[in-house]
Amino acid sequence: MQGLMMDVPLSITSVMRHAERNHAEREVIALTADGGLKRQTYTETFRRARRLANALARLGLAPGDRGATLAWNDSRHMELYYAVSCAGYVLHTLNPRLPPRQIAWIAHHAGDRCLFADPEFAPLVAAITPQLPELRTVIFLADPRGMPVSGPENALCYEQLLEPESEHFDWPALDERSASSLCYTSGTTGDPKGVLYSHRSTVLHAMAANMADVMGTRSTDCVLPVVPMFHVNAWGTPYFAPMAGAKLVLPGRRAGDPATLCDLIDGEQVTLSLGVPTVWLALLQYLEQTGRRLPGLARVVVGGSACPEAIIDAFRDRHGIEVHHAWGMTETSPLGSFNTPRAGDERLPETDRRQRRASQGRAVFGIELRIVGDDGREQARDGRSCGALQARGPFVASAYYAPDGLVTAQHREWFDTGDVAAIDAAGYMRITDRTKDVIKSGGEWISSIELENLAVAHPAIAEAAVIAAQHERWGERPLLIVVRERGCTAQRDEILQFLAGRVPGWWLPDDVIFVEGIPHTATGKIDKRALRREYAEVLRQRPSADPLLSMR
Ligand code: AMP
């Protein structure tokens, strides 16, 4: 017997309608490039999204076409999030921190038809557009005064594009399974892979995020995503905040600067903020140095990399701010697990409670997590047994995007995360290792394979391995381990100079270690786990140049 309930599709358009009807006057505030604050309500935001949808139709986009962005967190980006997806196109958020060559590869693979870019990315846009024959239009997210002087010929101005358009647009009725947005992950080996979200998965993920034991967002909240809107949809913030009717603060390009972040949190009375551990460590240090307080900030969500227990404790004990440690991936939309106390935890001894608090938390409803051994059998949930972490659920990717429509790497029953974890009887999950061969520094991926390939091109290097070494500030930094060609004496600086210019500055290894031989596995691959066992700690306390912050 079938149920007799309405078959109303779960669409991003329904989030927009809900916010317009019920939270019309709640604000979306953006920190602009010149340091000012731009304020508009949800009503104004979605009115502008309608004008944008009319403009997209005028540009000749067809249903399913990809509209790309190269942009920081701001209100124009928010308008694109809704106009592109709700008009039936696919929003493709490009990560401007990747090497230009990789951005061009990704935009080409996605078949992007138009590109919306912040003016500061004009040189980057100029560098990649010649490699994108299918790209028809570039639009700079600016008014006429803010247009870049250089940049591709015929580039359009966003405000001029919107100006003549009507505020009326009939949003199409969309199949809830149709694609809404696309985000590439480089957190695997090989080429970046496109994760194609649907309207349905996005809405379910936002609902899961708003559950009381997850973000628990309320209309009285003010949410600030430090996590960029090009990182897995800022972990869902542009959807779950309007769904709850929360005020939204978008910090532009300067969110990495703790003083700016502190001013914004304080000035706008932010109650909930999300970002990678590096951001919270920098904010914590700033608060301790200046004596400033953030009494309004109740909750901080930290994910993307393992969050040191010391950060969680310091925020809680010294500043009264609850830090929730979360785990997720581009492929899981991203929320997979979230740390909030479970009934009964209060009766545990303090050491056990702390251990649970520092873990990556418990599976969010909508996601099932399990760990399996080498034989594919599920491991005990006893908190000690470790295994490959697998996930499944309605907002977990079933396959990666392929331009020819051919499905690549279908994840049939369970999705293999590439992480190694232990899960205890209460469901708390602890990431213990990673099988994928990449480095995550300050929340951004660095390809160890690309660095190794470049390093072995140096005439003095016979073999090279790059591993993720633990780092106090950045979580991980690349460490280059090399075997020199016989008779060669090349030193650290010479090798690093050779790599400089060939990779983004923040990819440069923090150090080079010279060894007689590199260990290999039985199948002849470099044994990264053995190398990590030996060298993972050598960088931990070392200060490193500030490569990421200089990009923010
Ligand atoms: P991405 O697809 O770029 O979001 O990266 C996802 C990967 O980041 C995961 O598979 C983990 O390797 C890592 N990651 C995310 N959150 C955490 C966390 N809280 N602790 C440890 N690793 C994490």
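Assorted remarks:
- For region 296-449, taking the reciprocal of the average inverse distance between every pair of different Cα atoms yields a Kirkwood hydrodynamic radius of 16.6 Å.
- Multiplying the residue separation of residue 425 and residue 219 by 0.36 nm and subtracting their alpha-carbon distance yields 70.7 nm.
- Projecting label points 7 angstrom from Cα along Cα→Cβ for residue 492 and residue 351 puts them 3.8 nm apart.
- Across q = 0.15 Å⁻¹, region 379-503 modelled as identical point scatterers on its alpha-carbon atoms has Debye log10 I(q)/I(0) values of -0.90, in the order of the q list.
- The loop-placed GluC sites (Glu not before Pro) in region 17-97, going by DSSP, that have at most 11 neighbouring Cβ atoms within 10 Å of their Cβ come out as 25.
- In a fully extended conformation the segment linking residue 154 and residue 521 would gain 126.7 nm over its present Cα-Cα distance, using 0.36 nm per residue.
- Pairs of Lys residues in the chain are counted when their Cα atoms are under 30 angstrom apart and they lie 8 or more places apart or on different chains; the count is 9.
- Alpha carbon centroid spacing (whole Å) that separates region 1-77 from region 223-292: 20
- Our note on the geometry: Cα centres of region 80-110 and region 466-537, 32 Å apart.
- Whole-angstrom Cα spans of region 6-95 along principal axes, big to small: 41, 31, 24
- Taking N as the residue count of the chain, its C-alpha radius of gyration divided by 2.2 N^0.38 Å amounts to 0.96.
- For region 478-525, the convex hull spanned by the alpha carbon atoms encloses 100 Å³ per residue.
- With Cα atoms as the point set, the radius of gyration and Dmax of region 203-285 evaluate to 12.3, 36 Å.
- When shorter helices are ignored and each DSSP H run of at least 4 residues is given -39500 (n - 2.57), the per-residue value for the chain at 222 nm works out to -8000 deg cm²/dmol.
- Coil-residue trypsin sites (Lys or Arg not before Pro) of region 105-203, DSSP, other Cβ within 10 Å capped at 12: 177
- Distance distribution note for region 98-251: the fraction of Cα pairs above 22 angstrom is 56%.
- Look at the alpha carbon pairs under 8 Å that are at least 6 residues apart: their mean separation over the length of the chain gives a relative contact order of 11 percent.
- Summarised in one figure, the compactness ratio Rg/Rh of region 239-343, Cα atoms and Kirkwood Rh, is 0.95.
- In plain terms, the residue of 456, 249 with the fewest other Cβ atoms within 10 Å comes first and the most crowded comes last, giving 456, 249.
- Take every DSSP beta bridge whose two residues both sit in region 447-542; close to 70 percent of them are antiparallel.
- Sites residue 22 and residue 211 - FRET efficiency at Förster radius 22 Å, r taken between beta-carbons, to 0.05: 0.70
- Cα-centred dipole magnitude for the chain, charges only on beta-carbon of K, R (+1) and D, E (-1), debye, nearest 20: 540
- Residues residue 34 and residue 380, FRET efficiency given R0 of 51 Å [Cβ-Cβ distance, rounded to 0.05]: 0.35
- Each residue in 332, 32 was given a count of other beta-carbon atoms within 10 angstrom of its own, and listing them fewest first yields 32, 332.
Coordinate-derived values only; no laboratory data. Note that the structure is a prediction, hence the values are computed from the model and not measured. Virtual Cβ from ideal backbone geometry, glycine too; neighbours counted across all protein chains shown.
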